[in-house]
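The values are calculated or read from the model by the stated rules, or taken from the named source; none is laboratory data. In this text the structure is predicted, and so the values were computed from the model without any measurement. Every residue, glycine among them, receives a Cβ derived from its backbone with ideal geometry; neighbour counts consider all protein chains shown.
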């Protein structure tokens, strides 16, 4: 809380003077307030910079329809998107997608190689599918399949755990099935590896 | 027996003209007989082996469907995942073996397939035949008429036989010849464009050799037209 308070104070000062804020619309600022400077992510709010625009739009839709129902989504995102019209949602998605993403690099580096193996090969003996088949060789995502490379460890770990705990995302996502086979060790390894992927 | 069949195909690979047709039909008959024998043998194995591990089969099917779609209708990930629903079991088995033996290059499917026991392989292949979801859809509709013509008549000037001659008038396939009906458009396009870089790898020539000249002789737009046409067949 203390850190958030400090950050808000800093942002308030920056907002009044920094020229980089001049080009940002009020709609963008409403997002970056939580999603971090340059939309690079901050604590529980994931990085939006460089994310696939179709994915951002599909998630805005799933917040609006209350399909994505994990606690932070309910607490923050359901209200945040309630008044967004679809044109604004599309503009925001394209705006954030075009910002070059910075890697979080905050996982456990000793687990990264184990995570990389699971990402590429899965664990076929345990019916754990390869992540690479859908998310791509560099975890860059495609269409409405999200970019995972360089997202924060805390966020990746939380998302992977939540599917196993019965929370939802979109209606079509195969992720609940994928994640239900992952144990805590696999989740930590994957989240660690992905936080370092550029 | 499968190995013997491969040698036969290899020996006839380079011939031309009318002979090819004759050799092809002999090949197909030979293949069909071998597959019929092979299938009746593996059928027994499935009877005795799989029911004891029913939970294992269910879990493995869910694993397949995570990528290939909940009804086996196919899926678009970073790579297109082919439809398995309604597919010929002999074809699925043959491809899983090709992945394992690295005759068909696909790192993801090698990992998937190399842990499957022979009886599991047969049980999975048989399961998908019984599924009949609607096609995945999404293919461009601009060249469907051209695609239909290629499917039904081939491209005689380019030495491309009618697809329907082997894959059936409804594109359902038979034995080791795959079903094309309802196949994911991007998958069919990718396979026809990259036939020789993915299939028939290594020194052992397999049945994929039959399609190599056909795939090679089609232009990109012809491939896209026929892939779009078959993607909508039910």
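Things to note:
- Qualifying residue in segment A:71-88 (condition: on the phi > 0 side of the Ramachandran plot, touching a helix residue (DSSP H, G or I) at 6+ places or on another chain (Cβ under 9 Å) and outside the structural domain of residue A:169 (by TED's automatic domain parsing)): no
Residues checked against (1) at pLDDT below 95; (2) out of contact with any strand residue (DSSP E or B) (no Cβ under 9 Å at 6 or more places or on another chain); (3) within 28 Å of residue A:93 (Cα to Cα):
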position: A:133; (1), (2), (3): no, no, yes
position: A:147; (1), (2), (3): no, yes, yes
position: A:154; (1), (2), (3): no, yes, yes
position: A:166; (1), (2), (3): yes, yes, yes
position: A:177; (1), (2), (3): yes, yes, yes
position: A:196; (1), (2), (3): no, yes, yes
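- Hey, residue A:172 part of a loop (DSSP other than H, G, I, E, B), within 14 Å of another protein chain (Cβ to nearest Cβ) and surrounded by 17 or more Cβ atoms within 10 Å (Cβ to Cβ) or not: no
- Residue match in segment B:53-70 (condition: more than 14 Å from chain A (Cβ to nearest Cβ), at pLDDT below 95 and out of contact with any strand residue (DSSP E or B) (no Cβ under 7 Å at 6 or more places or on another chain)): yes
- Qualifying residue in segment A:34-55 (condition: within 14 Å of another protein chain (Cβ to nearest Cβ) and part of a loop (DSSP other than H, G, I, E, B)): yes
- Filtered residues of segment A:99-136 (kept if within 14 Å of another protein chain (Cβ to nearest Cβ) and assigned to a loop (DSSP other than H, G, I, E, B)): A:122, A:127, A:129, A:130, A:131, A:136
- Among the numbered conditions (1) part of a loop (DSSP other than H, G, I, E, B); (2) within 14 Å of chain A (Cβ to nearest Cβ), the only one that residue B:85 does not meet is (2).
- Test: residue in segment B:90-103 that is within 14 Å of chain A (Cβ to nearest Cβ), assigned to a helix (DSSP H, G or I) and without any contact (Cβ under 8 Å) to a residue 24 or more places away in the chain: yes
- Hey, residue A:151 crowded, with 21+ Cβ neighbours inside 10 Å, more than 10 Å from chain B (Cβ to nearest Cβ) and in a loop (DSSP other than H, G, I, E, B) or not: yes
- Index of the failed condition, residue A:87 passing every other in (1) within 14 Å of another protein chain (Cβ to nearest Cβ); (2) more than 20 Å from the chain's Cα centre (by Cα): (1)
- When the residues of segment B:201-224 are filtered to those that are part of a loop (DSSP other than H, G, I, E, B) and within 13 Å of the chain's Cα centre (by Cα), the one that is surrounded by the fewest Cβ atoms within 10 Å (Cβ to Cβ) is B:211.
Conditions tested, residue by residue: (1) buried (at least 16 other Cβ atoms within 10 Å of the Cβ); (2) within 16 Å of the chain's Cα centre (by Cα).
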residue: B:136; (1), (2): yes, no
residue: B:139; (1), (2): yes, no
residue: B:146; (1), (2): yes, no
residue: B:154; (1), (2): yes, no
residue: B:157; (1), (2): no, no
residue: B:162; (1), (2): yes, no
residue: B:167; (1), (2): yes, yes
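- Any chance residue B:93 is closer than 22 Å to residue B:79 by Cα and within 16 Å of the chain's Cα centre (by Cα): yes
- Residue within segment A:110-120 that is at pLDDT 95 or above and over 29 Å from residue B:67 (Cβ atoms) present: yes
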